[in-house]
Amino acid sequence: MKVLVTGGAGYIGSHTALSLLEAGHDVVVLDNLCNASKEALRRVEEIAGRTLSFIEGDIRDRACLDQLFKEHDIHAVIHFASLKAVGESVAQPLAYYDTNVAGTVTLCKAMQQAGVFRLVFSSSATVYGPDAPVPYQESMPRGRTSNPYGTSKSMVEQTLEDLVQSDGRWSVVLLRYFNPIGAHPTGRLGEDPQGIPNNLLPYIAQVAVGRRSTLTVFGNDYATADGTCVRDYLHVMDLAEGHVSALDRLTVLGAQAYNLGTGQGLSVLQMVEAFERISERPIPYQFAPRREGDLAAFWADPSKAEKELGWKARRSLDEMVADTWRWQRRNPHGYRTEINTTSQGAS
Ligand code: NAD
Ligand code: UFG
């Protein structure tokens with residue numbers, strides 16, 4: 001199948017592009033590179049031993065999309081392209097609604113015109129909102145959202161549900177990711193945040209490699225076992241494979257949501273401990289007040305994805321951490337530098 005991957009040069013998109021190539025699919029990536037590097041795609045091709053097509057362009061550019069669909073016989077779209085920093089979304093709501101919501105509407109219009117009605121959308125556990133009981137199940141309604149990023153994901157889910165209601169030709173899978181971490185086991189692909197990382201694991205990894213001195217742990221007074229927040233961390237390669245499984249589900253018409261998580265919650269301090277153990281480096285940390293908008297604890301009920309997509313997260317916490325560490329050590333400054341550690345006995 002020929003698959004258009006929007007945002008395919010980014011963190012999850014690049015790992016998914018690799019899984020798609022390895023599964024025998026043809027891949028066309030559309031990315032404006034606002035938060036990614038072409039180097040990631042070069043490495044995807046190298047690892048896969050196959051090429052993909054890359055178009056540097058914007059999902060909001062209708063003419064670019066029309067041209068793309070004219071040139072490529074696309075069977076399905078996996079739509080990652082989005083802005084994703086929660087704090088930034090509070091400061092720049094229009095940018096978030098423009099890219100995440102209006103961009104998706106433009107993409108769907110172009111798909112409709114091209115006669116492509118199969119779509120996998122990157123949603124988030126954030127759509128369940130603060131009041132949903134854990135573990136989150138897809139049958140629960142979407143809840144309140146506390147920032148424009150989360151609201152944009154909820155709005156797109158609603159838009160896509162309305163779209164399939166209006167036109168029976170559409171088949172849409174909404175994948176609600178929990179907390180993706182890790183990297184490709186070669187250490188050649190990984191997460192390359194610009195500036196100060198917002199997310200926990202990239203921050204810990206940068207402390208371990210000496211780029212930052214101390215981790216700030218936001219809140220140690222939550223009603224959890226050790227007082228720090230609990231999340232459902234899953235390996236990015238498991239997540240990537242979830243998208244390959246989701247493509248097979250696009251024979252079913254309508255919109256369906258699936259949680260992609262492990263079903264297990266781990267605290268911030270448990271993640272710090274795991275990273276110290278695997279990297280054999282200390283991770284100095286200090287406690288600070290809670291970060292606004294953080295929920296105490298949530299994790300997935302992933303049983304629907306297992307039953308209907310035949311997908312289950314299978315990589316362990318130690319693999320997630322070891323792969324993050326290998327990527328960070330080999331690429332201390334992300335895609336800008338790579339250190340060949342094989343001669344130093346790195347595994
Ligand atoms: P990322 O920033 O690494 O990838 C997003 C990609 O989209 C980047 O390559 C960026 O350059 C591209 N992009 C942004 N705006 C674009 C535009 N207008 N036109 C074309 N390309 C554009 O982020 P990621 O972590 O890989 O996330 C992928 C998707 O998964 C996003 O939709 C994100 O909201 C969602 N998601 C991520 C997480 C997470 O923790 N990483 C959790 C839940 C959901
Ligand atoms: N944390 C720290 N210090 C840091 C970074 C994070 O203590 O420097 C803590 C956070 O307070 C939270 C936990 O680590 O308790 C995980 O934080 P992340 O930012 O890694 O992940 P979140 O669960 O906050 O965010 C993720 C995605 C968002 C999505 C959100 C809700 O990154 O896109 O889940 O589903 F909106």
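The values are calculated or read from the model by the stated rules, or taken from the named source; none is laboratory data. From a predicted model like this one, the values you see are computed outputs, not experimental measurements. Cβ placement follows ideal geometry from the backbone for every residue including glycine, while neighbour counts extend to all protein chains displayed. These accessible areas exclude ligands, DNA and RNA; they are computed on the full protein's heavy atoms, side chains included. Shrake-Rupley method; radii C 1.70, N 1.55, O 1.52, S 1.80 Å.
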Per the C-alpha gyration tensor (a ≥ b ≥ c, the square roots of its eigenvalues), region 5-115 is rounded if a/c is under 1.5, else prolate if a/b beats b/c, else oblate; here it's oblate
Carbon/sulfur fraction of accessible area - region 1-56, other protein chains in place, 1.4 Å, %: 43 percent
Which distance in nm do the two modelled labels at Val105 and Val90 give, with both placed 7 Å along the Cα-to-Cβ direction? 2.7 nm
Helix 11-22: inclination vs the chain longest Cα principal axis, degrees, rounded to 10, gives 60 degrees
Which entries of Lys109/Lys307; Lys2/Lys109; Lys38/Lys84 show an alpha-carbon separation above 29 angstrom in the structure shown? Lys109/Lys307
Using a cut-off of 22 Å between alpha-carbon atoms, which lysines can reach Lys312, once sequence neighbours fewer than 8 places away in the same chain are excluded? Lys304
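Relative to the present Cα-Cα distance, how much length would full extension add between Asp73 and Ala288 at 0.36 nm per residue of separation?
Extra length from Asp73 to Ala288 when fully extended: 72.2 nm.
Let's test the formula: R0 of 45 Å, r as the Cβ-Cβ distance of Gln113 and Thr51. What FRET efficiency results, to the nearest 0.05?
After rounding to 0.05, the efficiency reads 0.95.
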Cα-based helix-to-principal-axis angle, 148-166 vs the chain, degrees rounded to 10: 30 degrees
MRE, 222 nm, helices only [DSSP H, n ≥ 4, -39500 (n - 2.57), over the chain, to nearest 500]: -10500 deg cm²/dmol
Non-local amide H neighbours of Ala255 (under 5 Å, H modeled in plane, Pro and chain starts lacking H): which ones? Val172
Accessible surface ranking that places the most exposed of Glu56, Glu138, Glu276 first, with a 1.4 angstrom probe: Glu56, Glu276, Glu138
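Pull out the extension gain between Ala63 and Leu253, defined as 0.36 nm times the separation in residues minus the alpha carbon to alpha carbon distance; nm, one decimal.
Contour length minus the Cα-Cα distance gives 65.6 nm.
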Past the 33 angstrom mark, what percentage of all C-alpha to C-alpha distances in the chain do you count? 23 percent
Amide H contacts of Gln264 (H built 1.01 Å from N, under 5 Å, at least 5 apart or other chain): Ala300
How large is ³J(HN,Hα) for each residue in region 73-88, as worked out from phi by the Karplus curve 6.51 cos²θ - 1.76 cosθ + 1.60 (θ = phi - 60°), to whole Hz, x for Gly and Pro? 8, 7, 9, 7, 10, 10, 10, 9, 4, 5, 8, 9, 8, 4, x, 4
For His333 and Ser316, extending 7 Å from Cα along the Cα-Cβ vector and measuring point to point gives, in nm, a value of 3.6 nm
Take every DSSP beta bridge whose two residues both sit in the chain, then give the antiparallel share in percent to the nearest 5. 5 percent
Quick one: check the C-alpha center-to-center distance for region 84-145 versus region 7-77, whole angstrom. 20 Å
How much length, in nm to one decimal, is gained on full extension between Lys38 and Ala223, taken as 0.36 nm per residue of separation minus their Cα-Cα distance? 62.3 nm
Cα long-axis angle, helix 38-48 against the chain (0 to 90 degrees, to the nearest 10): 90 degrees
Surface per residue (accessible, 1.4 Å probe) for the chain, Å²: 42 Å²
